[in-house]
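Student: Please see the structure below; I have some questions.
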There are 2 protein chains.
Amino acid sequence: MHDNDAMAEIERPDLAADAAPAFSPLYQQIKARLMRSLQQREWKPGEAIPSETDLAQRFKVSQGTVRKAIDELAAENHLTRRQGKGTFVSTHSAVQTQYRFLRLTPDGGGSARLQRRLLECRRMRASPALSQSLQLASGESAVQVRRLLLDGESPVVLDDIWLPGPLFAGLDAERLAGWRGPMYGLFESEFGVRMVRAEERLRAVAADAEASRWLAVPVASPLLEVERLSFTYGDRPVEWRRGLYHTAAFHYRNDLQ
Amino acid sequence: MHDNDAMAEIERPDLAADAAPAFSPLYQQIKARLMRSLQQREWKPGEAIPSETDLAQRFKVSQGTVRKAIDELAAENHLTRRQGKGTFVSTHSAVQTQYRFLRLTPDGGGSARLQRRLLECRRMRASPALSQSLQLASGESAVQVRRLLLDGESPVVLDDIWLPGPLFAGLDAERLAGWRGPMYGLFESEFGVRMVRAEERLRAVAADAEASRWLAVPVASPLLEVERLSFTYGDRPVEWRRGLYHTAAFHYRNDLQ
DNA sequence: ACGCATTTGTTCGTATGTATT
DNA sequence: TAATACATACGAACAAATGCG
């Protein structure tokens, strides 16, 4: 009836780790409550959350149980632990986590040092496809941002970014151009929207006239197309992005384990 | 009354012998010893390792310390825990982890169900570049495998795979063609080489004549090039692979967190 | 410069729950 | 049902890093 080797075992629906139906371990419940506090911005990106002993008292559980909850949140990059200092809400502005989602790497090694050049920032009516991706009500507005990333003088990435209009009220070219640091840092601190995870889809495509112009490559050159759907708390999609990468001197790096 | 960890350190000065830098937490030392056992195939892929209590006795530490070591090894995909059954050495043959490194996904969703077609398997002198990548002695032999992955009748991936010749003695077309299941499963069970992690580099390239023929696309079509360097225990590189993906109906999926 | 309090990190021990055989 | 193994939970103590007075 049961298979006895390692290959059995798969058929179970195996409910997701964070969805907590009727009965879930205490630490999972604590984890869910901490996630809720993060979502409600009780503690903001960069700030410290209460100490483990404080939280244990608040939730009336042992410190070890809080610890296990925090462990998982730290493993998922929601929180960052610092021995002797405390546990902090992760932020895309922290130097060590800047450009956390950018996998572009120079072929020679090292990490990319790219300049940004803002090309466009405008408000538009969301297309049906975009409304679908970002779960917008029909007819809702969107912000479109177009920009280049350059290695010195040579353009490497052409990004088109779409955001829900209402969520990013007040976002315009001036605001973007004046911001020093990663765009996701701006979103966090100015609009209260923190990107917590993203799904990327990669393809090879041929450069069209526009991409050819901006990236300074011949029409029909092969380009790496990177589509990205980014999510904030509660698995809510809040950014759709399409990047075209010129992968002559750079590549997209991915570590598998 | 009981040992604190300083005393434990004195009782077992040999613990830090290989990897651990002088003083490291006990559970890290246990983790290193477990890794060594995995590397030496004391327990083989798919097999169960001793229970946590057994290991605790063997290493003369508490069960909780062993648990923390195993936790990390499980998080790194070296081990797989199954409640009530035991802890098992991960294997690429297990159904739930088959094609763990393959990120190719049909655009419509679901998971890829691709046929394999072996095109070539031959022994060759390793090129200098390959020797460099696989850390081979100069003049050492390599095995080259070329194959197609097909979705029904339409080719999707052209893979070229290079392996260290001595490590894969006896690997030939017949052996490959006769094997049912993932290639990495064959490597594990027939050659004792388990891939534990890999680094991929992605680029967009133009199809050359050969790629065009095998993938049934026009010359100069954009293709997704996926270079992969795979490592076994001890960070030893044991496979170099170049895949050309035709990303018309498929894409390379990557989840960022 | 030093010591102290705070906070996370490590280790132990114990008990109980849950899944598997 | 019983035995085994992993999973959860609690409590306690000490270590190590940090920051402050």
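Student: Condition test on A:ARG194, is it in contact with a Pro (Cβ under 7 Å, 6 or more places away or on another chain), touching a residue at least 24 places away in the same chain (Cβ under 8 Å) and outside any helix (DSSP H, G or I)?
Tutor: Against the criterion (in contact with a Pro (Cβ under 7 Å, 6 or more places away or on another chain), touching a residue at least 24 places away in the same chain (Cβ under 8 Å) and outside any helix (DSSP H, G or I)), A:ARG194 qualifies.
Yes or no, residue by residue, for (1) surrounded by fewer than 14 Cβ atoms within 10 Å (Cβ to Cβ); (2) within 30 Å of B:ARG253 (Cβ to Cβ):
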site	(1), (2)
A:LEU34	no, yes
A:GLN57	yes, no
A:PHE101	no, yes
A:ALA126	no, yes
A:ALA129	yes, yes
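Student: Limited to segment B:131-153, what total is found for residues that are among the hydrophobic types (A, V, I, L, M, F, W, C), surrounded by 12 or more Cβ atoms within 10 Å (Cβ to Cβ) and assigned to a loop (DSSP other than H, G, I, E, B)?
Tutor: 1
Student: Report yes if B:GLU210 is more than 7 Å from chain A (Cβ to nearest Cβ) and within 26 Å of A:TYR245 (Cβ to Cβ), otherwise no.
Tutor: yes
Student: Separate question: When you check B:GLY46 against the structure, is it under 21 Å from B:MET195 (Cβ atoms) and within 15 Å of DNA strand D (Cβ to nearest atom), yes or no?
Tutor: yes
Student: A follow-up question, please. What number of residues within segment A:80-90 are surrounded by fewer than 21 Cβ atoms within 10 Å (Cβ to Cβ) and hydrophobic (A, V, I, L, M, F, W, C)?
Tutor: Of the residues in that region, 1 qualify.
Student: Which of the following residues is under 25 Å from B:PRO45 (Cα atoms) and in contact (Cβ under 8 Å) with a residue 40 or more places away in the chain: B:PRO155, B:PRO164, B:PRO106?
Tutor: B:PRO164
Student: Residues in segment A:237-253 that are farther than 14 Å from B:LEU224 by Cα and either touching a helix residue (DSSP H, G or I) at 6+ places or on another chain (Cβ under 9 Å) or facing another protein chain (nearest Cβ under 8 Å) (or both): how many?
Tutor: Qualifying residue count, segment A:237-253: 4.
Student: So B:THR91 clears everything in (1) within 12 Å of DNA strand D (Cβ to nearest atom); (2) within 12 Å of another protein chain (Cβ to nearest Cβ) except one condition, right? Which one?
Tutor: Condition (1) is where B:THR91 drops out.
Student: Now a separate question. Please enumerate the residues belonging to segment A:55-73 that are in contact with a helix residue (DSSP H, G or I) (Cβ under 8 Å, 6 or more places away or on another chain) and without any contact (Cβ under 8 Å) to a residue 40 or more places away in the chain.
Tutor: Those that are in contact with a helix residue (DSSP H, G or I) (Cβ under 8 Å, 6 or more places away or on another chain) and without any contact (Cβ under 8 Å) to a residue 40 or more places away in the chain: A:LEU55, A:ALA56, A:PHE59, A:VAL61, A:SER62, A:GLN63, A:THR65, A:VAL66, A:ARG67, A:ILE70.
Student: Every residue in segment A:183-197 that is surrounded by 20 or more Cβ atoms within 10 Å (Cβ to Cβ) and within 14 Å of chain B (Cβ to nearest Cβ), please.
Tutor: Within segment A:183-197, A:TYR184, A:ARG194, A:MET195, A:VAL196 qualify.
Student: Also: Just one of (1) under 26 Å from B:GLU188 (Cα atoms); (2) near DNA strand D (Cβ under 9 Å from one of its atoms); (3) not β-branched (Val, Ile, Thr) trips up B:LEU38, so point out which.
Tutor: Answer for B:LEU38: the failing condition is (2).
Student: Which of the residues spanning segment B:178-198 are touching a helix residue (DSSP H, G or I) at 6+ places or on another chain (Cβ under 6 Å) and more than 17 Å from B:ARG228 (Cβ to Cβ)?
Tutor: B:TRP179, B:PHE191
Student: Taking interchain pairs and intrachain pairs at least six residues apart, which have beta carbon atoms under 9 angstrom, with the first residue in segment B:32-52 and more than 14 Å from chain A (Cβ to nearest Cβ) and the second basic (Lys, Arg) and within 12 Å of DNA strand D (Cβ to nearest atom)?
Tutor: Listed pairs, sorted by first residue: B:GLU52/B:ARG67.
Student: Could you list all residues from segment A:213-236 that are over 16 Å from A:LEU167 (Cβ atoms), more than 13 Å from chain B (Cβ to nearest Cβ) and either acidic (Asp, Glu) or surrounded by fewer than 18 Cβ atoms within 10 Å (Cβ to Cβ) (or both)?
Tutor: The answer is A:ARG213, A:ALA216.
Student: May I pose another question? Using the structure shown, decide if A:VAL66 is more than 14 Å from chain B (Cβ to nearest Cβ), within 11 Å of DNA strand D (Cβ to nearest atom) and outside any helix (DSSP H, G or I).
Tutor: Spelling it out, it is not the case that A:VAL66 is more than 14 Å from chain B (Cβ to nearest Cβ), within 11 Å of DNA strand D (Cβ to nearest atom) and outside any helix (DSSP H, G or I).
Student: Here is a follow-up. Please work out which one of (1) over 15 Å from the mean Cα position of the chain (by Cα); (2) of a type in the set (Gly, Ala, Ser); (3) within 14 Å of chain B (Cβ to nearest Cβ); (4) within 16 Å of DNA strand C (Cβ to nearest atom) is the condition A:GLY108 fails and give its number.
Tutor: Of (1) over 15 Å from the mean Cα position of the chain (by Cα); (2) of a type in the set (Gly, Ala, Ser); (3) within 14 Å of chain B (Cβ to nearest Cβ); (4) within 16 Å of DNA strand C (Cβ to nearest atom), only one is false for A:GLY108: (4).
Student: Separate question: Among the residues of segment A:40-49, is there at least one that is surrounded by 19 or more Cβ atoms within 10 Å (Cβ to Cβ) and away from DNA strand C (no atom under 12 Å from the Cβ)?
Tutor: yes
Student: Follow-up question, since we're still on this one. How many residues, within segment B:69-82, are over 15 Å from B:TYR27 (Cα atoms), within 11 Å of another protein chain (Cβ to nearest Cβ) and within 11 Å of DNA strand D (Cβ to nearest atom)?
Tutor: So the answer is 2.
Student: Here is a further query. Inspect segment B:154-167 for any residue being in a loop (DSSP other than H, G, I, E, B) and on the phi > 0 side of the Ramachandran plot and give the result as yes or no.
Tutor: No, segment B:154-167 contains no residue that is in a loop (DSSP other than H, G, I, E, B) and on the phi > 0 side of the Ramachandran plot.
Student: Go over the candidates B:ALA207, B:ALA211, B:ALA216 one by one and state the one that is over 16 Å from B:ARG147 (Cα atoms) and among the small types (Gly, Ala, Ser).
Tutor: After applying the criteria, what remains is B:ALA207.
Every number in this text was worked out from the coordinates using simple rules, so none of it is lab data. Every value quoted in this text rests on a predicted model; they were computed, and no experiment measured them. Cβ coordinates were reconstructed from backbone atoms using ideal geometry, including for glycine residues, and neighbour counts include every protein chain displayed.
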